[in-house]
Amino acid sequence: MDLSAIRDLIADDMRATDLLILDRLQSDVVLINQIGHYIVNSGGKRLRPMIVQLSALAVGYQGSHHINLAAIIEFIHTATLLHDDVVDGSDMRRSNETANAVWGNAASVLVGDFLYSRSFEMMVEIQNLRVMDVLSHATNRIAEGEVLQLLNCNDPDTTEDQYREVITRKTATLFEAGAQLAAIVAERPECEEQALADYGLHLGMAFQMIDDALDYGSSDEDIGKNLGDDLAEGKPTLPLIRAIETGRKEQQQLLRGAIENGGADKVDEVMTAIESTDAIAYTARRAREEAELAKKALEILPASAYNSALAALADFSVQRSI
């Protein structure tokens, strides 16, 4: 099952989610409308809302709260993008100019805050304390992940375990929450709730690892941002961590210096060093391990097209071009 077939499977629910997103983006403050619509409509895959919807349908949910939850998850994700781009000083995302490049940092941060607060308004409307608990915990964990990543920046001694802790909090937590919430609103037993939470967590890990590999093993057009952005920001992601571990002494010195000082001026040399080690293949292998764990978590759920689609999303997450 490819991504197009998965989208067809939940086409009506995705349309309903998109309409809800557009409706709840509305504000009488014009700039909020402009920036909100700009980033929400800038070509994202809507992967996180898809996970919410597929998870709910995979456990037989019959209501409509999964539409609201999918929109909430997308709003939280969009808010983090707005804030991330300001923190990172990014000027390109999804092959478009970032909102901060167009409207400035202050406007981007404040509209990100609006999306966070709007998402919490929508959580309250569901009237389920467990939903509030999971989402409030998730947003807190995401913020912790951002701070941990900031602390690791320009530190060439960052370990793989430290890297994994960052992406667990910063990326995988929202995947985990989205899948878990589907089981909560469907009032499924704890074992199914945990299975979906585990699925989302491992899928998010796999997705982020491949994203980090793409920063060194792809092209600007493929990844929709400037190649080597992570390097320029001094982020010690898994490809760099692995290349330092396995590279020759002179390569290790080059890579450590690039992380410490930001390697925008040494992108070609760094790329050569990474390509001459097993760093990209190692990162892809680690991602595949996470994707397999995600699929294994689905085994206790009833067989269905929706369950198969969730497994296919795990495969998709690691099959993007490297």
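The values are calculated or read from the model by the stated rules, or taken from the named source; none is laboratory data. Computed from a prediction, not measured in an experiment: that's the story for all the values here. Glycine gets a Cβ as well: all are built from the backbone with ideal geometry, and neighbour counts include every protein chain shown. Just so you know, the surface numbers come from the protein's heavy atoms only, side chains and all, with ligands and any DNA or RNA stripped out. Shrake-Rupley method; radii C 1.70, N 1.55, O 1.52, S 1.80 Å.
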TODO: Just reorder F175, F114 by solvent-accessible area, largest first, 1.4 Å probe, all chains present.
DONE: F114, F175
TODO: With everything on Cα atoms, drop me the angle between helix 105-126 and the longest principal axis of the chain, reported from 0 to 90° to the nearest 10.
DONE: 30
Task: Distance between region 44-74 and region 234-302 - C-alpha centres, whole angstrom - done: 32
Open item on the list: In whole Hz and in residue order, list the ³J(HN,Hα) couplings for region 28-39 that follow from phi through the Karplus curve 6.51 cos²θ - 1.76 cosθ + 1.60, θ = phi - 60°; x for Gly and Pro.
Closed with: 7, 9, 4, 5, 4, 4, 4, 6, x, 5, 4, 7
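Determine the sum of side-chain charges near E275: Lys and Arg each +1, Asp and Glu each -1, restricted to other residues whose C-beta is under 12 angstrom from that of E275.
-3
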TODO: Might you work out the accessible area of E97 for me, using a 1.4 Å probe with all protein chains in place, and round it to the nearest 10 Å²?
DONE: 110
TODO: Hey, can you find the accessible area per residue of the chain for me, probe 1.4 Å, expressed in square angstrom?
DONE: 42
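Using unit Cβ charges (K, R positive; D, E negative) and no other charged atoms, how large, in debye to the nearest 20, is the dipole of region 1-109 about its Cα centre?
160
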Task: Distant alpha-carbon pairs in the chain (separation over 31 angstrom), percent - done: 30
- [ ] Go ahead and estimate [θ] at 222 nm for the chain from helices alone: -39,500 (n - 2.57) per DSSP H run with n ≥ 4, summed, over the residue count, rounded to 500.
- [x] -24000 deg cm²/dmol
TODO: Taking the Cβ of V318 as the centre, find all other residues whose Cβ is under 13 Å away and add up their charges (Lys, Arg: +1; Asp, Glu: -1).
DONE: -1
- [ ] Starting at the first residue of region 153-163, write each ³J(HN,Hα) from the Karplus equation 6.51 cos²θ - 1.76 cosθ + 1.60 with θ = phi - 60°, in whole Hz, x for Gly and Pro.
- [x] 4, 6, 10, x, 8, 4, 8, 5, 4, 5, 4
- [ ] Over the alpha-carbon set of region 1-143, work out the extent along each principal axis and list the three values in angstrom, largest first.
- [x] 44, 36, 30
Open item on the list: For the chain, take the longest principal axis of its alpha carbons; what is the angle in degrees between that and the long axis of helix 173-185, to the nearest 10 within 0 to 90?
Closed with: 10
- [ ] Working with all protein chains in place, sort F120, F207 by solvent-accessible area computed with a 1.4 Å probe, largest first.
- [x] F120, F207
Open item on the list: Given a 1.4 angstrom probe, I'd like the percentage of the accessible area of the chain that is carbon and sulfur, rounded to a whole number.
Closed with: 49
